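To start, the structure under review is shown below, and the notes come after it.
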Amino acid sequence: MRLPFSCFNMFLQLPSSKSISNRLVVISALTDKGMRIDNLSESDDTQTLRACLNSDLRHCDAGLSGTAARFMAAYLSLRPGLHVLTGSGRMLQRPMSPLVEALRQLGAQIEATGPQAHLPLRIQGGTLHGGTIHIDSRQSSQFVSALMLIAPCLDEPLQIMLDAPVPSMDYIRLTGHIMQQQGADVSIGQDCITVQPARYKPSDTQVEADWSAAGYWYEWIALHGTQPLLLRGLRLESMQSERLSESVFRRLGVCSEAMPDGVRICRQRTTLPDTVIEADCSSMPDSTLAIVGACCGMNRPFRLSGVQNLRFKESDRIDAMIHEYQSLGYSLYTMNHTLCYDGGKQTPEHQQTISTHDDHRIAMSIAPLLGSRASLMMDDARVVSKSYPTFWSDFRAVCASSDHQEA
C-alpha cells in the first residue's frame, strides 16, 4: 500500500566539509596553542593532511590528495629542516609548478625531483619573506589558498597578484573567510589578495556539513524523489561555493527548505519545462558531476561551461564522464570548454562494469543514476572514502527507504 507522502521524512547526517576542515587543521598547526575543531571531516583527504601535519615532517606522503600536497608544500617551506613531500598515483602527475614558483619568490628552497615541478619535492624549510608575487592559478585555486594560509606567519605583508581569472574563486573567498574568523587580516580583490603579518588568534569552531556531498542527494531527489530527504548539518546560507548548485537543481525540480537542523529537499510535482540546462560550473566543480548525472537520467540537454579544470582532478573527469556515460547509452561531448549533452539515450550493447577511474566523485555521481545496481557495477566502490566514507551505507538506506515507499 502506498503511504501518504507526508509520512516519510528520511534524513541523512552528511559528512562535514573537508574544504573547511582542511583549512582549519592547517591554521591550527600554524598557531602556538592550536584550537578545538568540532565535527572535523573523517575523509581520507583530511586524515592524510592531519597525518602529515602531525608527523616529524621529514617525509610527508600526501597520497592521492591534491589539497594535502599543495597545503603541505607551503607549510613545510616555513618549517626549519629538510623535508621530502611526495604522493602516490595520479598525484604524482597533478600540477604543482605555479605554487612551487610562487614559494620560491618568497624565498623557499624547493628542489623538484619530478618533471615540471611535480611531486616528489625536496624542501629546505626556513624563513620566508612577504612582498608582491604573481601566480597563475588557472589550474587550481588551491595554489592561492596554500599561500594565503601561511601568509599571517610572514614578517611582511603578502600581496598575491592573480595573473589570470581564477576558476573556483569562491574557494579562495572561503579560505579568506575562515582566516578572518581565526584572527587574520585578509583583503580579497578581483585580481589582488593582501594578507597582513598578523598572527592568527585561534578560536574553537565547528565544521558545517559538506555541500559537495549534498549534491549527490540532490541528484537522487531529482531522479527518484518520491519522498523528502533531510540533509542534517547543511546550511543554505553557507560560504561553501558548492551551495551554488542548489539553483541548478531547482531548475531540475528539486526544492530546498531551511530547517533548524539542516536542509529539507523534495521534488516538485509540477511538470518541468523541457529547456536546456545552462550553467557556469567554475565555482562548483565538485557538484558538476552530480548535475550531469541528474540531467542524463532526466534526458535534459545541458551546456555546462567552466569545466576545464575538471581535467586536473583525481582523474581527467571530462574524459572519464564521456567514456562511462557512453557505456550507459548517454552521448556527452565538449565544445569550447563546455560539456554538452543533447538529450536522449541509446540502449547499451551490453552491461559492463563502470570504472571509477580511482575517483570518488565519478563513483558517487553515477550511483544515483544506476540506483540499487550502483555498487555492483563499479570496479572500486571503496574509492568514496576519499571524501565521504559513509556514502554507501547512506546510499543503501536511501534505496531501501525508496523501495519501501513504492511498495
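Here, each number is a calculation from the coordinates, and none is a lab measurement. Keep in mind the model is a prediction, meaning the values are calculated, not measured. Because the Cβ atoms are built from the backbone with ideal geometry, glycine has one as well, and the counts that use them run over all protein chains shown.
What percentage of all Cα-Cα pairs in the stretch 352-404 are separated by more than 13 Å? When all Cα pairs of the stretch 352-404 are counted, 53 percent exceed 13 Å. Restricting attention to the chain, the count of lysine pairs at 8 or more positions apart or across chains with alpha carbons under 22 Å apart stands at 5. Taking all Cα pairs closer than 8 Å and separated by 6 or more residues, the relative contact order of the stretch 186-301 comes to 28 percent.
For Ile354, the residues whose amide H sits under 5 Å from its own are Met378, Asp379, ignoring neighbours fewer than 5 places away on the same chain, with H placed 1.01 Å from N.
Put a dot 7 Å past the Cα of Thr132, heading toward its Cβ, do the same for Arg382, and the two dots end up 5.2 nm apart.
Other residues within the sphere of radius under 13 Å centred on the Cβ of Ala108, judged by their own Cβ, net out at +1 (K and R +1, D and E -1). In the chain, Cα pairs under 8 Å separated by at least six residues give a relative contact order of 15 percent. Note down the nm distance, to one decimal, between modelled labels 7 Å out along Cα→Cβ at Thr271 and at Thr390. Distance between the two pseudo-spin positions: 4.1 nm. Of the peptides 360-370, 84-94, 293-303, the ranking by mean beta-carbon count within 10 Å, highest at the top, reads 360-370, 293-303, 84-94.
Radius of gyration (Cα atoms) of the stretch 18-206, expressed as a multiple of 2.2 N^0.38 Å: 0.92. The charge dipole of the chain, taken about its Cα centre with unit charges on the Cβ of Lys, Arg, Asp and Glu (plus for the first two, minus for the last two), comes to roughly 320 debye. Evaluated over the Cα positions of the stretch 132-264, the convex hull gives a direction-averaged projected area, one quarter of its surface, of 9.2 nm².
Evaluated with a Cβ-only charge set (Lys, Arg +1; Asp, Glu -1), the stretch 5-62 carries a dipole of roughly 160 debye about its Cα centre, given to the nearest 20. Only alpha carbons enter this Debye calculation for the stretch 214-331, each as an equal point scatterer, and the log10 of I(q)/I(0) it gives at q = 0.11, 0.16, 0.24 Å⁻¹ is -0.36, -0.77, -1.47. When both bridge partners sit in the stretch 105-182, DSSP labels roughly 45% of those beta bridges antiparallel.
One decimal place: the segment Gln326-His59 gains 91.9 nm when fully extended, by the rule 0.36 nm per residue minus the C-alpha distance. Charge tally for His134 (other residues, Cβ to Cβ under 11 Å; Lys, Arg +1; Asp, Glu -1): -4. The residues neighbouring Ser283, those whose beta-carbon lies less than 9 Å from its own, together hold a net charge of -3 under the Lys/Arg +1, Asp/Glu -1 convention. Compute the helix-to-body angle for 44-53: its Cα long axis versus the longest principal axis of the chain, expressed 0 to 90° and rounded to tens. Roughly 10 degrees between the two axes. Compared with the dominant principal axis of the Cα atoms in the chain, helix 391-406 is inclined by about 20°.
Seen through its C-alpha gyration tensor, with square-root eigenvalues sorted a ≥ b ≥ c, the chain comes out prolate because a/c lies at 1.5 or above while a/b is bigger than b/c.
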